[in-house]
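Everything on this sheet refers to the single structure shown next.
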Amino acid sequence: MTGQAGARVEDLLRQLAPQVLGTLVRRYGRFDIAEDAVQEALLAAALQWPEQGIPESPRGWLITVASRRLTDELRSDHARRRREETAAAQMPADELLAPSPADEVPPQEDDTLTLLFLCAHPALTPASQLALTLRAVGGLTTAEIARAFLVPEATIAQRISRAKQSIKESGIPFSLPPEPERAERLRVVLHVLYLIFNEGYTATSGPDLQRSELTTEAIRLAREVRRLLPEDGEVAGLLALMLLTDARRSARTRPDGSLVPLAEQDRGQWNQEFIEDGLTLVTGALSKTPVGPYQLQAAIAAVHTEATRAEDTDWPQIVVLYEFLERISPNPMVTLNHAVAVAMVQGPQAGLELLRPLDDDDRMARHHRLHAVRAHLLELANDRAAARTSYREAARRTTSLPEQRYLKARAAQLMDDA
Amino acid sequence: MKYVAMVYANPGAFEALSETDRNAMMSEADEYLKKFTDSGELLGGGYALADASTGKTVRVRDGVPAVTDGPYAESKEQLAGFYLLDTESLERATEIVTNDPAARFWAVEVRPVMDEAGTEM
């Protein structure tokens, strides 16, 4: 088996996974069993295709194999004999033997979106939404998901089976959510993709490099949603945000895994192709659709990427975008970033003023980022002793090793210089 | 976010419980571990530690290892066991731990596990 053939097969399988699952669920119902059957068919294909070649109708092959597994599962389950009979009655006999002509033609509807809505159903916990989305829509194996999230395989298996159990018990239908709910439900779908992206993006290089698979998968899924909902500005905004952020990937860590702040990154290393795609998407969305938080965050990322050198950054423009963002989607993290931008335009004191109200926010006052930003602004204001204290406080509160290393180094540097 | 839950108890604290309490504690502890393993929030089961006096303490100074028995601290609270949680937040982790029977009899400390992940600042 060549690595290239394996990679080609893997790409194809991930693309086909939601289509095959959609077909099976439409045909037999039983999302829970269908999902397992599709996983088994994907595994069989991943083993056989690189050796024996890709079948003429890969989709039909997968549907046939998955249908066989599904009916085997229903048959072997004596306690559910009744359901088996119902399912068997719905199924033409020859379907078990060869791909039916119906399997050869692409489906009329693309079920990817319906599956995404199902996996991001509000009845599921966020951890289950992520795991199920990656498996049922992304076609990743439980082992791959577990490796990416750094938890035991059994834990991911539990999250997936609980998610499927909840879907079954709540009797959630396999259809797009009704129109009045759709916008709100789409927000959850986008949030799940955003979380998958973040989980991968915040992983540093070195031993965790494999987690970059999550960002790649999140971008791939966001592209799928974009293909299915080309008119939605927030879908475009999210995809743009992912591309513009991921463009910085190779510049954001040193070979030893330590973090490089935005201002110190080698911008020549940024991924120009992603930047161009991201810029086109966000510009198009902002000019045509109602503005939303993902579009604004993407626009801010775009302003950063447009500066060839950190000192050329159009901070006044960033301030305006943060003001907008605070208006439509206020939260303390936005305030923090807004304060940094204001400090870059009006000086550190103005930024420090904006941070003050956050001390009254209980959660924020304990968050390392507030202390890190304050330290940075105090350093800009040349209040070295106070900056050092804030860097230390931030280092004490972060739970990220690379961040802690960075914050301690800043504190130590202020000591050395003194 | 991952958290480690550490059970602290005096050596001999378990034996000091009444038989009813001991039995209740054992079966509740099993149920507790199962319940949150099934929810996908408790990772890899729980680990009870042998008495501290059965262990060794390692110190390497100037390249010279010194391995000593113990510690022996009969009366002080010691780490008696631990398990790993993976939850949305510290609030959720502590909410789970309130179900641990060890928290009813002794004390369970919940601490975040440092992560290799981070964002550029």
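The values are calculated or read from the model by the stated rules, or taken from the named source; none is laboratory data. Note that the structure is a prediction, hence the values are computed from the model and not measured. All Cβ positions, glycine included, derive from the backbone under ideal geometry; neighbour counts span all protein chains shown.
Tabulated data for the structure shown
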| read-out | value |
| --- | --- |
| Selected residue [touching a strand residue (DSSP E or B) at 6+ places or on another chain (Cβ under 7 Å) and of a type in the set (Ser, Thr, Tyr)] from A:THR155, A:THR141 | A:THR155 |
| Residue match in segment A:376-389 (condition: under 30 Å from the mean Cα position of the chain (by Cα), surrounded by 14 or more Cβ atoms within 10 Å (Cβ to Cβ), without any contact (Cβ under 8 Å) to a residue 40 or more places away in the chain and under 28 Å from A:VAL282 (Cβ atoms)) | yes |
| Any pair with Cβ under 6 angstrom, 6 or more apart, that starts in segment A:159-174 at a residue that is without any contact (Cβ under 8 Å) to a residue 24 or more places away in the chain and buried (at least 16 other Cβ atoms within 10 Å of the Cβ) and ends at one that is of a type outside the set (Val, Ile, Thr) and not in a helix (DSSP H, G or I) | none |
| Breaking point among (1) surrounded by fewer than 19 Cβ atoms within 10 Å (Cβ to Cβ); (2) touching a residue at least 24 places away in the same chain (Cβ under 8 Å), for A:ASP416 | (2) |
| Checking A:ASP246 against (1) within 14 Å of chain B (Cβ to nearest Cβ); (2) among the acidic types (Asp, Glu); (3) out of contact with any Ser or Thr (no Cβ under 8 Å at 6 or more places or on another chain), the condition it does not meet | (3) |
| A:THR245, sole failed condition from (1) surrounded by fewer than 24 Cβ atoms within 10 Å (Cβ to Cβ); (2) in the same structural domain as A:LEU118 (by TED's automatic domain parsing) | (2) |
| Filter result for A:THR155 (among the polar types (S, T, N, Q) and within 9 Å of chain B (Cβ to nearest Cβ)) | yes |
| Residue list for segment B:92-116, restricted to those being within 12 Å of the chain's Cα centre (by Cα) and within 14 Å of chain A (Cβ to nearest Cβ) | B:VAL110, B:ARG111 |
| Unmet requirement for A:PRO99, which otherwise passes all of (1) assigned to a helix (DSSP H, G or I); (2) at pLDDT below 85 | (1) |
| Filter result for the condition that a residue is part of a helix (DSSP H, G or I), of a type in the set (A, V, I, L, M, F, W, C) and in contact (Cβ under 8 Å) with a residue 24 or more places away in the chain, over A:LEU132, A:LEU124, A:LEU140 | A:LEU132 |
| Given (1) under 18 Å from the mean Cα position of the chain (by Cα); (2) facing chain A (nearest Cβ under 10 Å), index of the condition B:THR119 fails | (1) |
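Rundown of residues vs (1) without any contact (Cβ under 8 Å) to a residue 24 or more places away in the chain; (2) farther than 30 Å from A:ALA146 by Cβ; (3) in a helix (DSSP H, G or I), yes/no style:
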position	(1), (2), (3)
B:ASN23	yes, yes, yes
B:ALA29	no, no, yes
B:LEU33	no, no, yes
B:THR57	yes, yes, no
B:PRO65	yes, yes, no
B:GLU95	yes, no, yes
